[in-house]
Amino acid sequence: MKKAPNLVKSRKVIQSNKRIGRKPRIRWIQLLYSDDGKGMDDHRRHRGSSTSVRTSWSFYLNLFTNIKPMTKTNTIPLDRTQCNPSNPKPSTTFLLDTNLGLNPDEKPWSEILPAAGIETMSSTDLPWIDEMVANHEPDIAFIPIADFHRFFAQGDRHYRGLAIATSKFTGSTNFPSVLVVRKDDPANGLEDLEGASYGYINKSCSSSYFAAAIVLGKQGKKYDDFLNFTPVKAWQGQIDAVVAKEVRATMVPEDVWKTDPKNAQETKIVGRYDNATPALVVVRENLEEAICKTLLNALVAWTPKWEAVYGAFRPYYYADVQSFFHDLDELDM
């Protein structure tokens with residue numbers, strides 16, 4: 001995060017006392033500068049002296065030439081606590097992958113997050129999100145489980161799991177991914193799709209990218225040699241791309257396929273991977289416990305819309321992801 005510059009500077013001003021026999025006294029004037037270092041907003045007298053200030057204000061203006069008065073709008077606070085006096089702590093940053101379905105502009109998040117001093121950043125730009133998390137920029141992040149595995153496998157423990165999404169159909173953290181083709185497609189399994197165009201969301205997607213790579217790996221096949229990976233719109237957009245013949249096949253969470261009954265009429269399932277898990281919310285290891293507790297309680301209490309990809313959240317445990325992490329570790333990518 002960009003660090004605010006140190007804008008408060010103090011200077012000593014010597015005021016000569018007109019009384020005979022008295023040594024010059026030192027006064028402190030605290031000057032609050034604008035970001036160009038030329039403006040002055042206020043001055044304060046040192047309260048440690050009982051002697052009144054005899055020197056006129058014009059003396060100080062003459063002493064500090066080239067200093068011009070500055071408006072309050074130019075003042076940059078030393079830290080974020082000065083921006084909002086009602087918030088005693090600096091803001092906490094929360095990075096969200098927009099594809100995952102938690103909208104910070106909708107209730108209850110539009111009320112809960114600001115009240116907790118949490119600022120949000122949302123994007124579908126996975127390379128940027130990955131870079132931000134790799135650089136430990138956000139305090140909190142809602143990211144695909146495969147992203148969390150990558151950092152975990154590298155020994156990076158800056159973040160820990162806080163809450164994990166579940167299946168809205170089963171309430172489990174088990175989140176199977178199914179291989180879908182058109183109803184009239186002759187394929188009966190992944191082995192029948194060599195060289196086919198295959199729709200996926202991005203290279204961090206557990207259900208469309210890593211699930212296919214794992215299934216092919218278990219068959220002794222290289223994912224990038226066997227299929228022609230083609231980016232398509234997420235979730236229902238993947239199935240729509242299959243129906244429209246933009247791609248021949250895709251792998252999508254079974255929950256997504258089951259949400260719209262029309263999918264069963266127009267497509268069929270010809271394969272599956274059962275060890276996938278949903279996305280999760282991670283927090284930096286040393287994040288204040290009060291913030292973690294507030295956020296976890298809100299996540300667990302939240303009821304997502306039925307159209308959302310994921311169901312309710314539950315507290316994260318490594319046991320929820322252990323099988324999937326093992327399969328990812330076995331990948332030769």
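Here, each number is a calculation from the coordinates, and none is a lab measurement. All values reported here derive from a predicted model rather than from experimental measurement. Don't worry about glycine lacking a Cβ; one is built from the backbone with ideal geometry, like all the others, and counts go over all protein chains shown.
Quick notes
- Added length on full extension, which subtracts the Cα-Cα distance from 0.36 nm per residue, residue 317 to residue 157: 56.1 nm
- Loop-located trypsin sites (Lys or Arg not before Pro) in region 199-287 (DSSP state other than H, G, I, E, B) with a sparse environment of at most 12 neighbouring Cβ atoms within 10 Å: 222, 245.
- Table column - 3J(HN,Hα) (Hz), region 244-251, Karplus curve with 6.51, -1.76, 1.60, x for Gly and Pro: 7, 6, 6, 9, 8, 8, 7, 10
- Dipole axis of region 92-222 (+1 Lys, Arg; -1 Asp, Glu on Cβ), positive-most option in 151, 219, 167: 219
- Across 218/293; 107/168; 221/262; 222/262; 203/305, pairs whose alpha-carbon gap is larger than 29 Å: 218/293; 221/262; 222/262
- Relative contact order (percent, whole number), region 254-333, Cα cutoff 8 Å, 6+ residue spacing: 30 percent
- DSSP bridge orientation in region 175-273 - percent antiparallel, rounded to nearest 5: 65 percent
- Total charge dipole magnitude, region 109-167, about the Cα centre, Cβ charges on Lys, Arg, Asp, Glu only, Debye to nearest 20: 300 debye
- What the Cβ-Cβ distance of residue 269 and residue 290 gives, at R0 = 35 Å and to the nearest 0.05, is a FRET efficiency of 0.20.
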